[in-house]
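S.K.: If you scroll down you'll find the structure; I have some questions about it.
The values are calculated or read from the model by the stated rules, or taken from the named source; none is laboratory data. This one's a predicted model, so the numbers in the text were calculated from it and none came from an experiment. Every residue, glycine as well, gets a Cβ built from its backbone with ideal geometry; the counts of neighbours run over all protein chains shown. Keep in mind that these areas ignore ligands, DNA and RNA; they rest on the heavy atoms of the full protein, side chains included. Shrake-Rupley method; radii C 1.70, N 1.55, O 1.52, S 1.80 Å.
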Amino acid sequence: MAKLVITGPEGQLERELSAVNTLGRHPNNSVQLLDRIVSKEHCVVEYRGNRWYLRDLGSLNGTYVNDQRVAGEAVLHHGDQIALGNTRAIFHEPSAGVAPSSHGSGTYAAATQAPPAVAPVQHAQQPVFQPSAPLAPQPLVPPGALAAAIGSTTPPLVARPTAPQPPLPLQALRNVTIGGAMMESHVRTKIAAELQQFMPERTVQDVEALRRDYEKLRISYELQRAVGAELDLDRLLEKILERSFDLLMADRGVILLIEGGELKPRCSRARRPGPEELVVSRAVVGQVMKEKVAVLSSDAKLDPRFSESKSIIMTGIRSSMAVPLLYRNELLGIMMVDSQNPNAFGEKDLQLFTNIANQAALSIANASLARRIEEEALARARFQRLLSPAIAELVVSGKVEVKQGGEPRVTTMLFSDIRGFTSRSETMHAGDIVQMLNDYFERMVEIVFKYEGTLDKFVGDEIMALFGAPVAHPDDAVRAVRTALTMLDELRAFNTERNAQGRPSFEIGIGINTGDVVAGYIGSSKAMQYTVIGAPVNLAARLCSAAHGMQVLIAETTWNLVKDEFEVRELEPIKPKGIAQPVRVFEVLRDRVTDAEGHV
């Protein structure tokens, strides 16, 4: 009696064949195959004129006999190997010429039992690929024949003893760790990871090379269709694993990415529910990372070479594949899948998984690039509010480091505020106050940035600016004082415009001091701000409070650094609040004018 011995995602079954047998995912088929990438009505196996024929029903992913896609129909012979999606079958016809009965029968063999005494599928040294998209229009089965087949009284046989259930959703693994003893070799097969390259059409002479190129294109199309334009890395990794489970008979999978120089699990999935955890063999990971090759291990639990690999024995892995994620020859990470079924993967599956990894690496690199561009754009926008555009670009590009937690720096602090602002605001409309401050701040900040200062903060009508943090210049004190004088000139012009509009003018006072401070990000975990802390900051603020309208006061430390650049006059020492000793104070009058020979 002719029969099919079928190995699929749910286990193994033997199906004795009737005269007409339909195979597919729909429960009305003679043989229901719970395989996600098998079509609802995939193919027909029927007996005509003392011969067995297999006819494809226009399935999306095709039907293959001995690695050749069936175009129309094919004659079956004893021992032929049939492939439908992730399902494999071997055709048996022990007594050729004996007509089949009108009804077939089947027996279920659980996946935990020993495999049937059938020669395993032998893989050629050069893998032959199975494209999933149709190569040519496929003839459909005549409607009458299909109706007769589906209407057969033969009960559907599925690869599980209970009623068919929909495929279980993938679940996240409870934990993924890298462990296991190191070994010299525990890989049955390995192949070099190929880059996504294609030969010009006129140079292709080998049909197998053409099939390999077609397979790369198919995987690229299938994966791109699945992941779309997803740029969120976590969701992208989930979609990549889901698609891998659609194309491979895997029970568990994980994607590990290199982050901070270390390989870390970023996404993991399992086909069956339960509190599973995955222990990844350190030996497999080491070989993939070192040699940048794809590796396949089959029947690892039974292979004596694995006797010392505790990680493999512990998890009971019988088949596993690991492939590098390579983008422009840079290793981004590793993809791994495993299965509890013996001989679940072959060399063709390894090549298929490698093609998936090639496209996945491109998608991961694109997502990482998009995320980096977004982060840089946000950082640039944030820094451009505090720094001049030139310095902001240095910080964003990493040429200048802004340390969190603070670092000691010599910095010149400039404080300015509007004289009599509190009393003035009591007589002005709130909208007019906001408009006046916005126009005033816009002009003042441009001057701070012109001399490459850092805008620390606005406090009401007060401006705090830094020179020397986060970027230092040899003449930071000079830049600060020149900023102050330019601010006064700009305010005079601003007041002229306001007077012409019938609006009142106003004055500002400025205080400047230089000293050793701590600069860095300070605040809470939810709100951080770049600023400086230290006694010199307090003195600069006190000088600003002591300054009269349109007056610039500097402390002695700043005067020592700028006395050759500006004309100043010393005022009476003052004793600011919170400072024990009186301090020398200087009023900046103007730039020091020199002749052609440098004389004052």
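S.K.: Would you check if Ala555 is in contact (Cβ under 8 Å) with a residue 24 or more places away in the chain, open to solvent by less than 70 Å² (accessible area, probe 1.4 Å) and under 50 Å from the mean Cα position of the chain (by Cα)?
M.R.: no
S.K.: Right, here's the next one. Are there any pairs, at least 6 apart or on different chains, whose C-beta atoms fall under 9 Å, with the first in the stretch 444-459 and part of a loop (DSSP other than H, G, I, E, B) and the second hydroxyl-bearing (Ser, Thr, Tyr), and if so, which?
M.R.: Final answer for the pair search is Tyr451/Ser388; Tyr451/Thr483; Tyr451/Thr486; Glu452/Ser388; Gly453/Ser388; Gly453/Thr412; Gly453/Thr483.
S.K.: Let me ask another. Condition test on Tyr53, is it within 25 Å of Ala344 (Cα to Cα) and part of a strand (DSSP E or B)? Steps first, answer last, please.
M.R.: Numbers: within 25 Å of Ala344 (Cα to Cα): no; part of a strand (DSSP E or B): yes.
No; evaluated as a whole, the condition is false for this residue.
S.K.: Related question: May I ask you to list the residues in the stretch 433-442 that are open to solvent by 40 Å² or more (accessible area, probe 1.4 Å) and without any contact (Cβ under 8 Å) to a residue 12 or more places away in the chain?
M.R.: Quick first cut of the stretch 433-442, residues open to solvent by 40 Å² or more (accessible area, probe 1.4 Å) only: 434-435, 438-439, 442.
Once the filter is applied, which keeps residues that are open to solvent by 40 Å² or more (accessible area, probe 1.4 Å) and without any contact (Cβ under 8 Å) to a residue 12 or more places away in the chain, the stretch 433-442 yields Val434, Gln435, Asn438, Glu442.
S.K.: Okay, next question. Looking only at the stretch 15-36, which residues are surrounded by fewer than 19 Cβ atoms within 10 Å (Cβ to Cβ) and under 17 Å from Arg88 (Cβ atoms)?
M.R.: Answer for the stretch 15-36, where residues must be surrounded by fewer than 19 Cβ atoms within 10 Å (Cβ to Cβ) and under 17 Å from Arg88 (Cβ atoms): just Arg36.
S.K.: Among (1) surrounded by 20 or more Cβ atoms within 10 Å (Cβ to Cβ); (2) at pLDDT 75 or above; (3) aromatic (Phe, Trp, Tyr), where does Phe421 come up short?
M.R.: Of the numbered conditions (1) surrounded by 20 or more Cβ atoms within 10 Å (Cβ to Cβ); (2) at pLDDT 75 or above; (3) aromatic (Phe, Trp, Tyr), the odd one out for Phe421 is (1).
S.K.: Condition first: out of contact with any Leu (no Cβ under 7 Å at 6 or more places or on another chain) and open to solvent by 10 Å² or more (accessible area, probe 1.4 Å). Now tell me which residues in the stretch 47-71 satisfy that.
M.R.: Residues satisfying the conditions are Tyr47, Arg48, Gly49, Asn50, Arg51, Arg55, Leu60, Asn61, Asn66, Asp67, Gln68, Ala71.
S.K.: May I pose another question? For the stretch 208-242, how many residues meet the condition of being touching a helix residue (DSSP H, G or I) at 6+ places or on another chain (Cβ under 7 Å), open to solvent by less than 40 Å² (accessible area, probe 1.4 Å) and modelled with pLDDT of 80 or more?
M.R.: The qualifying residues number 3.
S.K.: Give just the number: which of (1) surrounded by fewer than 20 Cβ atoms within 10 Å (Cβ to Cβ); (2) of a type in the set (A, V, I, L, M); (3) under 25 Å from Arg492 (Cα atoms) does Ala540 not satisfy?
M.R.: All conditions are met except number (1).
S.K.: Moving on. Quick check on Ala519: is it modelled with pLDDT under 95, more than 19 Å from Ser416 (Cα to Cα) and surrounded by 21 or more Cβ atoms within 10 Å (Cβ to Cβ)?
M.R.: yes
S.K.: Considering each residue of the stretch 522-537, count those that are among the β-branched types (Val, Ile, Thr), open to solvent by 30 Å² or more (accessible area, probe 1.4 Å) and in a helix (DSSP H, G or I), and give that number.
M.R.: Looking only at that region, the number is 0.
S.K.: Residue check, Val44 against (1) β-branched (Val, Ile, Thr); (2) open to solvent by less than 10 Å² (accessible area, probe 1.4 Å); (3) under 29 Å from Gln340 (Cβ atoms), all met but one. Which one?
M.R.: Exception for Val44: condition (3).
S.K.: So, one more: Condition first: buried (at least 22 other Cβ atoms within 10 Å of the Cβ) and farther than 18 Å from Leu485 by Cα. Now tell me which residues in the stretch 443-470 satisfy that.
M.R.: Asp456, Gly468, Ala469, Pro470
S.K.: Also, quick follow-up: Leu485: on the phi < 0 side of the Ramachandran plot and either modelled with pLDDT of 95 or more or in a loop (DSSP other than H, G, I, E, B) (or both), yes or no?
M.R.: Considered against the rule, which asks whether it is on the phi < 0 side of the Ramachandran plot and either modelled with pLDDT of 95 or more or in a loop (DSSP other than H, G, I, E, B) (or both), Leu485 comes out as yes.
Here's the yes/no breakdown for (1) in a strand (DSSP E or B); (2) open to solvent by 60 Å² or more (accessible area, probe 1.4 Å); (3) modelled with pLDDT of 90 or more:
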residue: Val5; (1), (2), (3): yes, no, yes
residue: Leu13; (1), (2), (3): yes, no, no
residue: Ala74; (1), (2), (3): yes, no, yes
residue: Ala96; (1), (2), (3): no, yes, no
